[in-house]
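Q: Sharing a structure with you now.
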Amino acid sequence: MLSNCEQKEVRKLLRFLTLSDLLALTDTVTNKMIFITTEKEAVEAILHYSNSARELLRRRKLKREVLFHYLHESSVHIAPTSEKNILIQKTLEFWESETDTDTCKEEDEAYTDEMEAEEIQSPQPDNDQDYTVSESQALAESFVPWFYRMLNTCHNAIANESSSDHHSYGAQHFWVDCTLKLDCVADGHRYEQHAGAEVVSRRLQSLVTEEQLIFNPNTTAGGISGQSNRHGLVVTMACGTIHRSHTCVGVFDQSFGLVRDPLMENNWRIRFTNLRMCAGNVPHTPSVESIREILAITDTKDS
């Protein structure tokens, strides 16, 4: 847990990171359990889930150059050729000296009391491996158009369920134990949970074949997002509009958890998917900035 003074200095330190490095660092610190969409959310997550200042400073994305520039801007003099471990120690000593004030001590005591009262515990990641954001994004931008094009082809004729063709919709694209969470907001509110490749595949297909819906994803950069964790899971986020006949009837947000299957030529298969559909007018083009909550689709419904 970071003290109040350490949090203040970490905020200054994180300003030296690019947005992509900041998001990658957030994934590592939070063990990729939180979906982040803004710089502010990333900073707050790093502050909240970092177990200690030393552990945070040792992260790969906090490179030697970043620490040096931070110390330089803080008027802490150190040789430019110093190794990262020396820079870490110097940073910790600087933060300790900053903490030695009555104001910081009072803030720390108040902060500690608040944390103990709320009994907040921070998960500890197993290791410090970072992932390339661009590769995950590229996969997402390829997967989303492919999936909805394939699903929408079921609209006029039910797909051959026995087919295992890569370009035909069916259960072969889902892991056998995959799950679906479906949240529908129309005249009322309907929430469903399904499990199993066949069941999940058929339920999604029924939206097209029985309810006569067509999914039109926003395939611009703002409508698709892809992020990965150290285990190889890639979470792909998509959003767009829903159509019936020639009428736009609402919007949708959907997340997919993709994992490679070594028994299927290492192709990607869907491990889980969460779908939220909202009926009504569409005031603007849907974007991924507003869909981070569908990763869980409200934990209270699972309890």
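The values are calculated or read from the model by the stated rules, or taken from the named source; none is laboratory data. Note that the structure is predicted; figures quoted are calculated from it, not measured. All Cβ positions, even for glycine, are placed from backbone atoms using ideal geometry, and neighbour counts span all protein chains on display. For accessibility, only protein heavy atoms count, side chains too; no ligands or nucleic acids. Shrake-Rupley method; radii C 1.70, N 1.55, O 1.52, S 1.80 Å.
Q: Scan segment 133-166 residue by residue and report those that are open to solvent by less than 70 Å² (accessible area, probe 1.4 Å), at pLDDT 50 or above and in a loop (DSSP other than H, G, I, E, B).
A: Initially, segment 133-166 is screened for residues open to solvent by less than 70 Å² (accessible area, probe 1.4 Å), giving 133, 136-140, 143-148, 150-152, 154-155, 157, 159, 163.
Still in the running and at pLDDT 50 or above: 133, 136-140, 143-148, 150-152, 154-155.
Selection gives 154, 155.
Q: Considering only residues that are open to solvent by less than 30 Å² (accessible area, probe 1.4 Å) and either in a loop (DSSP other than H, G, I, E, B) or modelled with pLDDT of 90 or more (or both), which ones fall in segment 1-21?
A: If we filter segment 1-21 for residues that are open to solvent by less than 30 Å² (accessible area, probe 1.4 Å), which is where we start, we get 2-3, 5, 7, 9-10, 13-14, 17.
Of everything in segment 1-21, those that are open to solvent by less than 30 Å² (accessible area, probe 1.4 Å) and either in a loop (DSSP other than H, G, I, E, B) or modelled with pLDDT of 90 or more (or both) turn out to be 2, 3, 7, 9, 10, 13, 14, 17.
Q: Now, a different point. Identify all residues within segment 209-222 that are closer than 30 Å to residue 137 by Cβ and out of contact with any helix residue (DSSP H, G or I) (no Cβ under 6 Å at 6 or more places or on another chain); write none if there are none. Spell out the reasoning first.
A: Narrowing segment 209-222 to residues closer than 30 Å to residue 137 by Cβ: 213-222.
Scanning segment 209-222 gives 216, 218, 220, 221, 222.
Q: Do the conditions hold for residue 84, that is, is it surrounded by 13 or more Cβ atoms within 10 Å (Cβ to Cβ) and at pLDDT 90 or above? Steps first, please.
A: Details: surrounded by 13 or more Cβ atoms within 10 Å (Cβ to Cβ): yes; at pLDDT 90 or above: yes.
Yes; evaluated as a whole, the condition is true for this residue.
Q: Now for a separate question. For residue 59, only one of the following conditions fails: (1) farther than 26 Å from residue 229 by Cβ; (2) in contact (Cβ under 8 Å) with a residue 40 or more places away in the chain; (3) not aliphatic (A, V, I, L, M). What is its number?
A: (1)
Q: Kindly evaluate residue 71 against the criterion of being more than 29 Å from residue 227 (Cβ to Cβ), part of a helix (DSSP H, G or I), modelled with pLDDT of 80 or more and in contact with a Leu (Cβ under 8 Å, 6 or more places away or on another chain).
A: Values: more than 29 Å from residue 227 (Cβ to Cβ): yes; part of a helix (DSSP H, G or I): yes; modelled with pLDDT of 80 or more: yes; in contact with a Leu (Cβ under 8 Å, 6 or more places away or on another chain): yes.
Criteria met by residue 71.
Q: Tally time: how many residues in segment 172-210 are part of a loop (DSSP other than H, G, I, E, B), open to solvent by less than 60 Å² (accessible area, probe 1.4 Å) and under 18 Å from residue 280 (Cα atoms)? Outline the logic, then answer.
A: So in segment 172-210, the residues part of a loop (DSSP other than H, G, I, E, B) come out as 186-188, 196, 210.
Still in the list and also open to solvent by less than 60 Å² (accessible area, probe 1.4 Å): 188, 196.
From what is left, the residues that are under 18 Å from residue 280 (Cα atoms) are 188.
Of the residues in segment 172-210, 1 are part of a loop (DSSP other than H, G, I, E, B), open to solvent by less than 60 Å² (accessible area, probe 1.4 Å) and under 18 Å from residue 280 (Cα atoms).
Q: Considering each of 224, 214 in turn, give the residue that is buried (at least 20 other Cβ atoms within 10 Å of the Cβ), in contact with a strand residue (DSSP E or B) (Cβ under 7 Å, 6 or more places away or on another chain) and of a type in the set (Val, Ile, Thr). First the steps, then the outcome.
A: Values: 214 fails: buried (at least 20 other Cβ atoms within 10 Å of the Cβ).
224 is the lone residue from the list that is buried (at least 20 other Cβ atoms within 10 Å of the Cβ), in contact with a strand residue (DSSP E or B) (Cβ under 7 Å, 6 or more places away or on another chain) and of a type in the set (Val, Ile, Thr).
Q: Looking only at residues that are touching a Leu at 6+ places or on another chain (Cβ under 9 Å) and open to solvent by 60 Å² or more (accessible area, probe 1.4 Å) in segment 227-274, which one is farthest from residue 178 (Cα to Cα)?
A: Out of the qualifying residues, it is 244.
Q: Among the listed residues 206, 245, 228, 201, identify the single one that is free of Cβ contacts under 8 Å to residues at least 24 places away in the same chain and out of contact with any Cys (no Cβ under 8 Å at 6 or more places or on another chain).
A: Criteria check complete, one pass: 206.
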